[in-house]
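The values are calculated or read from the model by the stated rules, or taken from the named source; none is laboratory data. Nothing here was measured: the structure is a model prediction, and the numbers come from that model. Neighbour counts run over all protein chains shown; Cβ positions are idealised from the backbone, glycine included.
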Amino acid sequence: MAKIKESKEFKNVKKAINEWAGKHKGNVLFIGSFMAFNKKQDVIEDIMFAYGDKECIGISLGSLIEEVCKEKENFVNW
């Protein structure tokens with residue numbers, strides 16, 4: 001699979017996340033997935049990332065799944 005080039009905007013997102021984690025001296029947990037598509041629905045930019053204690057990440061993912069399942073709409077935007 002070909003490597004997808006990161007946009008400057010996404011590089012700014014990663015920079016902001018690193019600055020936020022640094023502000024809190026690494027005492028943070030975050031989980032993320034960013035994906036962008038073109039008009040043909042081909043993935044043109046994507047990344048998944050996680051930072052923090054493995055057990056806490058697992059708990060957070062479980063909670064996220066529960067909350068998404070409660071949504072009545074097909075599109076989630078919180």
Would you say residue 34 is outside any helix (DSSP H, G or I), surrounded by 11 or more Cβ atoms within 10 Å (Cβ to Cβ), of a type in the set (Phe, Trp, Tyr) and in contact (Cβ under 8 Å) with a residue 12 or more places away in the chain?
-> yes
Any chance segment 7-15 includes a residue that's assigned to a helix (DSSP H, G or I) and hydrophobic (A, V, I, L, M, F, W, C)?
-> yes
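Here's the yes/no breakdown for (1) modelled with pLDDT under 90; (2) farther than 28 Å from residue 5 by Cα; (3) touching a Cys at 6+ places or on another chain (Cβ under 9 Å):
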| site | (1), (2), (3) |
| --- | --- |
| 41 | no, no, no |
| 44 | yes, no, no |
| 55 | no, yes, no |
| 63 | no, yes, no |
| 67 | no, yes, no |
| 70 | no, yes, no |
| 76 | no, no, no |
When you go through (1) out of contact with any strand residue (DSSP E or B) (no Cβ under 7 Å at 6 or more places or on another chain); (2) exposed (fewer than 10 other Cβ atoms within 10 Å of the Cβ) one by one for residue 58, which number turns out not to apply?
-> (2)
Quick one: residue 41 ticks every box in (1) closer than 20 Å to residue 77 by Cα; (2) surrounded by 10 or more Cβ atoms within 10 Å (Cβ to Cβ); (3) not hydroxyl-bearing (Ser, Thr, Tyr) bar one, so which box is it?
-> (2)
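Of the residues that make up segment 2-14, is at least one closer than 23 Å to residue 65 by Cα and without any contact (Cβ under 8 Å) to a residue 60 or more places away in the chain?
Within segment 2-14, the subset closer than 23 Å to residue 65 by Cα is none.
Within segment 2-14, not a single residue is closer than 23 Å to residue 65 by Cα and without any contact (Cβ under 8 Å) to a residue 60 or more places away in the chain.
Quick check, is residue 47 among the hydrophobic types (A, V, I, L, M, F, W, C), in contact with a Phe, Trp or Tyr (Cβ under 7 Å, 6 or more places away or on another chain) and on the phi < 0 side of the Ramachandran plot?
Working: among the hydrophobic types (A, V, I, L, M, F, W, C): yes; in contact with a Phe, Trp or Tyr (Cβ under 7 Å, 6 or more places away or on another chain): yes; on the phi < 0 side of the Ramachandran plot: yes.
When the stated conditions are applied, residue 47 passes them.
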Residue pairs meeting the criteria (Cβ under 7 Å; at least 6 apart or on separate chains; first under 11 Å from residue 32 (Cα atoms), in segment 49-63; second of a type in the set (A, V, I, L, M, F, W, C) and assigned to a helix (DSSP H, G or I)) = 50/57; 51/21
